[in-house]
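The values are calculated or read from the model by the stated rules, or taken from the named source; none is laboratory data. Everything quoted here is computed from the prediction, not taken from an experiment. A quick note on method: Cβ atoms are made from the backbone with ideal geometry, for glycine too, and the neighbour counts reach across all protein chains shown. Calculation scope for accessible area: heavy atoms of the full protein, side chains included, ligands and nucleic acids excluded. Shrake-Rupley method; radii C 1.70, N 1.55, O 1.52, S 1.80 Å.
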Amino acid sequence: STRARCQHTFARMYAKSVVCPHTSSSSSLVNTRRRLNSSERARRTPRTRTHVVAMSAAPSPKTVGLIGAGGIMGKPMALNLLKAGHTVNVWNRTQSAADEVVAAGATFMSSPAEVCAASDVTFVMVTTPEVALSVAEQAAPGLSTGKGYVDVSTVDAGTSNKIAELVRARGAEFLEAPVSGSKKPAEDGALIFLCAGDEGLYTKCKEPLETMGKAHFFLGNVGQGAKMKLVVNMVMGSMMGAFAEGLALSEKSDLDPETLLQVISLGAIATPMYAMKGPGMIKGNFPPAFPLKHQQKDMRLALALADELAQEMPVAAAANELYKRARRDGCDDEDFSAVMKAVKKM
């Protein structure tokens with residue numbers, strides 16, 4: 001039955017996307033999920049996850065484009081598409097940054113428009129709303145009916161709607177799909193895609209989305225994916241600010257920060273982010289997985305969204321000031337965990 005297929009698909013997707021920190025596999029979580037009664041399942045299962053069943057019969061794009069294939073995120077995404085057997089066309093503002101992708105089998109095109117013209121679906125991973133809109137303007141001449149344009153950059157809802165208008169004016173379909181995850185998840189094919197826009201294109205993109213990520217959600221109309229991503233990154237940025245303050249306070253209190261990490265890892269506030277970033281923060285090493293300038297950009301956009309909705313955000317606003325201070329101190333291209341430097345200077 002359709003209900004049985006939905007339940008089976010959810011179990012497989014849940015096992016892939018969630019790992020329990022207290023077990024070596026996610027099987028116990030899946031078993032627990034299966035024991036939920038029908039009313040609990042109906043209440044707790046998001047609408048978006050049922051789309052996976054409907055997507056199973058959709059044709060996958062034969063040729064995939066990726067604009068921004070030389071960046072921290074774009075490069076591993078392109079490499080994973082190639083490893084999965086996709087034909088991949090790429091473009092990057094600095095061509096040499098995409099040399100590794102080209103060496104792996106991608107074809108470098110001379111412009112964003114050429115990437116779109118030669119590809120069934122084109123993914124875009126760039127740095128700022130301004131760059132995303134500029135790239136869409138350059139790409140538009142290569143779009144036509146039957147083609148898809150998927151922007152996975154982190155932008156505001158207004159910019160995403162402008163890009164959608166450009167794409168749809170050419171007869172193509174548009175999907176915003178900002179990703180949750182940084183360099184390592186991109187390398188591991190473990191990103192989370194927050195999609196909104198043309199649901200038909202979302203359906204067609206099942207295979208590449210699952211090649212590059214561990215989960216994907218369809219959230220509705222254009223703008224909803226952008227908003228969800230800003231909320232997620234606002235929470236992440238605020239958490240990192242508080243974490244940096246905790247490490248700094250432990251040092252000032254003559255406590256061993258390594259012991260603090262152990263204590264945190266065993267309690268309710270344990271997170272992969274703290275476990276991954278903490279050791280480097282203690283040592284003062286901040287190799288960029290997610291550049292601090294981009295985290296501050298996302299904090300700024302999230303606060304602008306809150307202003308539009310008259311939602312007070314005092315914690316996020318205070319955290320944003322820390323990132324601004326770190327930027328003034330020259331930490332733009334270090335990892336966002338380098339906010340630790342700003343905390344220590346206060």
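Taking the criterion of being open to solvent by less than 70 Å² (accessible area, probe 1.4 Å) and among the acidic types (Asp, Glu), the only residue of the range 225-261 that qualifies is 251. Can residue 223 be described as farther than 23 Å from residue 341 by Cβ, of a type in the set (Gly, Ala, Ser) and in contact (Cβ under 8 Å) with a residue 60 or more places away in the chain? In short, yes.
Restricting 333, 298 to residues that are surrounded by 14 or more Cβ atoms within 10 Å (Cβ to Cβ), out of contact with any Lys or Arg (no Cβ under 6 Å at 6 or more places or on another chain) and not assigned by the TED database to the domain that holds residue 156 narrows the list to 298.
Every condition in (1) in contact with a helix residue (DSSP H, G or I) (Cβ under 6 Å, 6 or more places away or on another chain); (2) within 30 Å of residue 319 (Cα to Cα); (3) among the hydrophobic types (A, V, I, L, M, F, W, C) is met by residue 228 except one, and the failing one is (1).
For the range 158-169, the condition holds for no residue, the condition being that it is closer than 28 Å to residue 304 by Cα, in a strand (DSSP E or B) and modelled with pLDDT of 95 or more. Might you check whether a residue that is open to solvent by 50 Å² or more (accessible area, probe 1.4 Å) and of a type in the set (Gly, Ala, Ser) occurs anywhere in the range 311-318? Yes: one or more hits. When we screen 53, 19 for residues that are outside the structural domain of residue 213 (by the TED database), at pLDDT below 85 and in a loop (DSSP other than H, G, I, E, B), the only hit is 19.
Of the residues making up the range 187-205, those that are within 14 Å of residue 149 (Cα to Cα) and either under 17 Å from the mean Cα position of the chain (by Cα) or without any contact (Cβ under 8 Å) to a residue 60 or more places away in the chain (or both) are 195, 196, 197, 198, 200, 202, 205. Scanning the range 158-177 for residues being aliphatic (A, V, I, L, M) and open to solvent by 20 Å² or more (accessible area, probe 1.4 Å) gives a total of 2.
Of the residues in the range 202-221, how many are within 20 Å of residue 182 (Cα to Cα) and hydroxyl-bearing (Ser, Thr, Tyr)? Looking only at that region, the number is 1.
Out of the range 110-135, which residues are in contact with a helix residue (DSSP H, G or I) (Cβ under 7 Å, 6 or more places away or on another chain), over 24 Å from residue 183 (Cα atoms) and of a type in the set (A, V, I, L, M)? Selection gives 113, 117. Of all residue pairs spaced 6 or more apart or on separate chains, those with beta-carbon atoms under 7 Å, a first member in the range 158-174 that is under 24 Å from residue 302 (Cβ atoms) and a second member that is open to solvent by 60 Å² or more (accessible area, probe 1.4 Å) are 174/168.
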